[in-house]
1. So how many residues does the stretch 268-298 have that are part of a helix (DSSP H, G or I) and touching a Gly at 6+ places or on another chain (Cβ under 7 Å)?
2. For the stretch 827-837, which positions are of a type in the set (A, V, I, L, M, F, W, C) and crowded, with 21+ Cβ neighbours inside 10 Å?
3. Looking only at the stretch 600-627, which residues are assigned to a helix (DSSP H, G or I) and crowded, with 18+ Cβ neighbours inside 10 Å?
4. Looking only at the stretch 988-1007, which residues are farther than 30 Å from residue 921 by Cβ and at pLDDT 80 or above?
5. Quick check: anything in the stretch 362-371 touching a Phe, Trp or Tyr at 6+ places or on another chain (Cβ under 6 Å), in a helix (DSSP H, G or I), in the same structural domain as residue 414 (by TED's automatic domain parsing) and touching a residue at least 40 places away in the same chain (Cβ under 8 Å)?
6. From the set of residues in the stretch 915-931 that are touching a residue at least 60 places away in the same chain (Cβ under 8 Å) and charged (D, E, K, R), which is nearest to residue 953 (Cα to Cα)?
7. Which members of the stretch 266-307 meet the condition of being modelled with pLDDT under 55 and more than 19 Å from residue 357 (Cα to Cα)?
8. Would you pick out the residues in the stretch 1005-1057 that are more than 28 Å from residue 934 (Cα to Cα), in contact (Cβ under 8 Å) with a residue 24 or more places away in the chain and not β-branched (Val, Ile, Thr)?
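The values are calculated or read from the model by the stated rules, or taken from the named source; none is laboratory data. Given the structure is predicted, the values throughout are model-derived calculations rather than measurements. When we count neighbours, we look across all protein chains shown, and the Cβ atoms used for this are built from the backbone with ideal geometry, even at glycine.
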Amino acid sequence: MDALQEVSSNPVVETEEKVSELFPETESTANETSSSQSLMDSSVSPSVLVQRAHEQVHQSAKKEVDKASKKKVSKPVVDVHSETAFPSLTPSNADAPKTRRPLAWVKGNTASSASSRTKSPASSAASPTASANKSKSVCVETVTMTPEQQAPIREFGKQGSVGEIIKGIITKTNTSINVSTASRTKTTTYLIRGKAADVELAKRLVYKNFGRQVVLKVVVPSFVNGSIIGAHGQTLKGIMERSMTNIQFPKREDESSSSKMEDEVDENDVTEITISGEMNGAEMARKEIEEIVNKRTSHTTVQVTSIPSDFYDLIRGPNNSSIEKMEEGKDLKINVPFATPVSEGLVAPIIVSGDKQAVRECVLTLEGLHEELSRTTIPTMISIPRRQHRFIAGEKASGIHEIAEKTGCSVVLPTAKDPTSELVIVRGPAMAISEGIRLTMERANSTLIDALNITPAYASAEDPFAHACILARLFTRMKLLAPIESSNSVNIFVPKREELKTSKKAVVLEISGKEKDGLHKAREELVQLVNNYPPWKFHHVEIDPLLQRYVIGAKGRNLQRIKKDHNVTILLEENDPDVVLCFEGEVSAEEKPEDVQNKLSELAANIQKFAIDSAKITSETLDIPSKYHKYIVGPKGTTLNAIIGSSDENVIVQLGTSSHRESSTENDVYIRGFQSDVERIAREIKQIVHEAKNTEILNSYVVEFEIPQEYSKNIIGKSGSNVMKLREKLGTQISIDDGHVKIQGIKKNVEEAKAQILSQVEALKDDTILRLNIPHEFHRALIGPNGVYVRRLEEKYDVRVRFPRENETDATSSSVMQPASADEVVIRGGKKSANAAKGRAYGVVQLREKDEIVGRNGMNIENLRTQYGVMIDIEDSEDSETSNLKIKGEEASVKDAVKTINEVVTEIENQVEKVIIIENELHRSLIGPGGSTLQKIILSCGGPSDRSISARLVSFPKESRKDKPNEVVLRGEKQIVEALAEKLLETAEELKNRSVLEMTIPQRTVSAIIGRMGSTRRDIEEKASVKLNIPNRTNADTVTIKIEGIAENCEQARKLIEDIVEAQYQTTTEVPKALAQRLLQSNILRNAYSRHHVYVDRPHKMEAGKTTIAVIADEEEAEYPWKLVREVVDEADTQSWTIRGRKENVEKAISAINTFVDQQKNGNCVGYLNIPSKFHRVIIGAGGSTVNKIRKETKTQIDIPRTPGDDIVTIKGDEANVQKTRELIIEVVSSN
């Protein structure tokens, strides 16, 4: 409110008069007070309230003038801090220390705020001041808060709701409170009157409700945690009650740590305590914690945040040698994190702990070392594929330490925070940086890499990618890859689950090693490992994440028991209800995949029931419009975190739709957890939404206007940055759609936002784009180290400058700021500013043109002086385009130096530029896919093979260049330029005479011709030098492809396409369902793929076929009971399999399948031989030699049970061989 507003149950006129005297700058008339009170009148209609609010805010400027005029005749300002004029009723602060005693143990505690970095109210303008009062039992205190110290309106409601909160405080504390807000400074003052104890409580409640919320983090030694908490938590509880804050200690990592005495805790262990609440209370709590720490410790810990993180490795030294020297002989501990790129944002600081004096000296040493390294080292960035970064680092960063030890250079790799970055930073002395880069590249290329995509391993599964992801989790969790790695001297890299969630394409395991044989063998073993885990060995069950702790059990005991009893491994992930059961036991011959699945399903149901019975969970869904969800979440999630508080382990809050709740809507606020927590959180969320709804009254003024549509993207900014800044600055809602602008908020703020947008539009109308032709070799001089010179140019002249990039010099981009060639520099800005920047750029180039002869920093001239023993001085001539060189020395040496300089001049003068005219529609064909055609032409003319250099030879015009679309510019040595011009014109003439060949292919073969990501299509175009025009997918059975190019090239492309089409022949064959599974288990399909490159498509669901069991022999009375049965297949019960590949190979595969079916359809015999289990080891023999010999001789499958007490030996094969196997086994048993 602009006027002074008293919110009291017993209004006192005397109090209002005192306020007017104490705060003359916020003095208000009686009319203003009544006006502001009228806004609170519930009898007035909402539309009238809105109109009054807008008028009052709109007229604030006029009120400021009126108040200023009143101040000229008002009484002198009274010093409210004067102890003489206003003696306090509470003890004077005169004797209090002026500064708080610093924390004896921690100097570098960090304080982070969700929305502000200003001082707390207690330390700035919010200092309470005692005032005089007639009654000795009544005191008056004031609390003043600047806008930066106040909570945002969206956190506690708008000004209209202040009255309700103040009334609640008055009722609770039995005090009188007056509230006033200065219209100019927006500073709010609370005058509190009552008994001393009540005033103190009211003051704390004012801070709590209206102060800005912050989060402070205090680092303390772990051994003082008990003193801070106190007996039964009484000390911590007292601090929280006095400061009205929430104080949290981190979770214990180990249950056993709770039983340690303070004397047993390591003195170097630290604990980070989090204090959340309003600024004044948080500061009060921090002071009390620091006082407790000061009493218990004589050491200190400092966090050094002034040193950039990319210097950490240089400061640490090779193998931590520099840090060890600093710590030697001192009570000191220095923790330097690993270096990370500065571009990745905030990182962990350097932490120094120990004796106070030693810590102070160490911090000064570290800062001095950083300054020295800044002067003596330079950074260089090189691009290396991400998957090779781990070879640079080596095991436990041994590679980085090795490079540092040999060259004194540090190597900084991008972290997981930036998964797409491939830039590696090498920093070191200028003389050693090249050696550091060489060793870095050597380590990156020192290891061979092979990749295995395990997604297609089970292509018939319902979701092959999901199954492959589960295998990756299982291999990592159970460490199944370790034996393969150790036996083959390789490393296997498994992608992280977060990466797989974002890619959703394929699960690729990377195998790296030094030897090809090891890679090949490891790949084979990895394939075998994947084959051991088919989908039917896995089962999914949903268990609420809050209940998964009961599945795990104390220290994982429940998981261990399930593993032991059922041979089942359970995979769980934090906050993921999907729990995966994996069967790892042996599957007997009688068991089918369906049996394993049934067992897993039964076990999953028991686990789910056990988890639900272990804790009673409830849920509640609130229907709150989605536009209010942002108030529930708060800035960076701070409000929601404060609501959940210490219940974060026991409750889940989800806003909007969720994949786990089918009936969810965008208005849902879903709360699930323990009943008491759910009820409390629902109550607080409703209160926040109620307060947020009130903010819509003042923020309902709307203005709409039009701006030129072409300027919309400039007003919006990159990713909406410009509009976002305007929203935050003026607190308005701004939307821009095709030139239509709509702004909503407080009237004054809306009008200001409109004025700023229109001002930006006027500036854009003066926008000018200049294209400068500056040779590429001078660009680095204009850009400067790390872009410092070009940024200075942009800031000084308020322009944008764009230089060409290596991969952006073709004609495919339509951006107006895109340079058209490798030598073009684009400047954009106001007309006057752009021309000034242009003059400055050309000035720099003129100064640098001598560098071709002089060299960087005079290096070439210095080399000539040293080589020939002469003196060389550079003198400027009257001709601005030339310079004079004055050479002194022996006659022969001078002549040699002059000869060398003339050779360089001749080489420079030999550089020519030539423009040729080629029709624009032929440019794309001349460039070719990925620039391949142009590169071949350049090489044929004697040009360089380095594409970065060859890109400067030929410059095609951009599509945006409408003035000269047919001009092709050639720059370089005269001989190459002439040959290149002739070859390009010749090729262009051939392209004019090219023909078009059409061919029809089956629709199903189109994807094979295009290939993965268009790779096959590009390969055909490059090999045959043609262009393929493949229409989009249609419903027709055939597709007509157009081949454009020279006649013989078109014919070559046609043959390549025909070869691919021929390889896509397919047909179907019928396979009895009863034999389908046996066929899959045989080598028939694997051989078809590996030997003939034939693919087999079969139904995803394998249904069991119809069979008939016939008993052939049943000898129960024999010495070793024997039963022989035959399984007869129903040949009519079949399923269709599709075979794809070359026709002759498909026919071979079908023949092999039919042969197998013929062998099996007459029935497969199974014999059951009862041999006491004590003889089983005799049948098996040493290392399985006996049973393997029988298997080889009879060609049967023999399954011997491993479970003690199970006597039945199962034999499978044809009838004669099964009988023979029985005889051989009985013979072995009888002979022993």
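1. Total satisfying the criteria: 2.
2. Passing the criteria: 827, 834, 837.
3. We begin by selecting, within the stretch 600-627, every residue assigned to a helix (DSSP H, G or I); these are 600-614, 626-627.
Once the filter is applied, which keeps residues that are assigned to a helix (DSSP H, G or I) and crowded, with 18+ Cβ neighbours inside 10 Å, the stretch 600-627 yields 600, 603, 604, 607, 611.
4. Answer for the stretch 988-1007, where residues must be farther than 30 Å from residue 921 by Cβ and at pLDDT 80 or above: 1002, 1003, 1005.
5. Among the residues of the stretch 362-371, at least one is touching a Phe, Trp or Tyr at 6+ places or on another chain (Cβ under 6 Å), in a helix (DSSP H, G or I), in the same structural domain as residue 414 (by TED's automatic domain parsing) and touching a residue at least 40 places away in the same chain (Cβ under 8 Å), which makes the answer yes.
6. Initially, the stretch 915-931 is screened for residues touching a residue at least 60 places away in the same chain (Cβ under 8 Å), giving 916, 918-919, 922-931.
Okay, now just the ones that are also charged (D, E, K, R), so 919, 924.
Numbers: 919: 19, 924: 17 Å.
In this case the residue turns out to be 924.
7. Residue satisfying the conditions is 266 alone.
8. Within the stretch 1005-1057, 1033, 1036, 1037 meet the criteria.
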